[in-house]
1. Quick one: what pairs do we get from segment 99-122, first residue more than 16 Å from VAL56 (Cα to Cα), second at pLDDT 80 or above and in a loop (DSSP other than H, G, I, E, B), C-beta under 6 Å, 6+ apart or different chains?
2. Can you name the condition, by its number, that LYS69 falls short on among (1) at pLDDT below 85; (2) within 29 Å of GLU106 (Cβ to Cβ)?
3. If a residue must be more than 16 Å from GLN11 (Cα to Cα) and either assigned to a loop (DSSP other than H, G, I, E, B) or touching a Gly at 6+ places or on another chain (Cβ under 7 Å) (or both), how many such residues does segment 81-123 contain?
4. Restricting to segment 26-40, name every residue that is touching an Asp or Glu at 6+ places or on another chain (Cβ under 8 Å) and surrounded by fewer than 17 Cβ atoms within 10 Å (Cβ to Cβ).
5. May I ask you to say which residue of SER52, SER58 is loosely packed, with under 11 Cβ neighbours inside 10 Å and at pLDDT 90 or above?
6. Return the pair list, or none, for Cβ contacts closer than 6 Å from residues in segment 68-81 that are of a type in the set (Lys, Arg) to residues that are surrounded by 10 or more Cβ atoms within 10 Å (Cβ to Cβ) and modelled with pLDDT of 60 or more, at least 6 apart or on different chains.
7. Please enumerate the residues belonging to segment 1-38 that are β-branched (Val, Ile, Thr) and in contact with a strand residue (DSSP E or B) (Cβ under 7 Å, 6 or more places away or on another chain).
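The values are calculated or read from the model by the stated rules, or taken from the named source; none is laboratory data. What you see is a predicted model, and the numbers here were worked out from it, not measured in a lab. Methodologically, a virtual Cβ is constructed for each residue, glycine included, from the backbone with ideal geometry; neighbour enumeration extends over all protein chains shown.
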Amino acid sequence: MPPRVAPKSYQILVKTHQVTIFLTVPQSATIASLKDEALSALTSRVATDDESFPHVSSTNDFELARTAKEKEKSRSGVTYEVLESDKSIRGLLTNWEVLYFQFRDEESNLMPVEVSQPSLVDDEEEELPVNKGKRKAPSE
């Protein structure tokens, strides 16, 4: 089988709170251009209806981050590394990579990443008991 050809465009997911933004960008794009695309999505009417995340007006109001590699994770859980705006995504990111918004407060300090992962099981769905062993024949 011939080797797979790398895609010309990457699909990048950017998450915050309960919002996920899907971006399609060429491999030659920079993190700065990703931030511009993300800002456009954040300032759209759909995203601004949600009052739970901070108001943004420019790309200086947030940074894009990704989860740190395994050896860089702290014992307390997931840590994030901020991506430098001047870097190209080629070689830095992979197709379908998940990034996170890290917003700035009034003093321009980075706030922690806030993201909620949806439940994989519906709240209404009950867990079925697991019966181990032989099944009994139904009584007639």
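1. The qualifying pairs are SER116/GLN18.
2. (2)
3. Of the residues in that region, 22 qualify.
4. Within segment 26-40, ALA32 is the sole residue that qualifies.
5. Among SER52, SER58, only SER58 is loosely packed, with under 11 Cβ neighbours inside 10 Å and at pLDDT 90 or above.
6. So the pair list comes out as LYS73/THR79.
7. Hits for segment 1-38 are ILE12, VAL14, THR16, THR20, ILE21, THR24, VAL25, THR30, ILE31.
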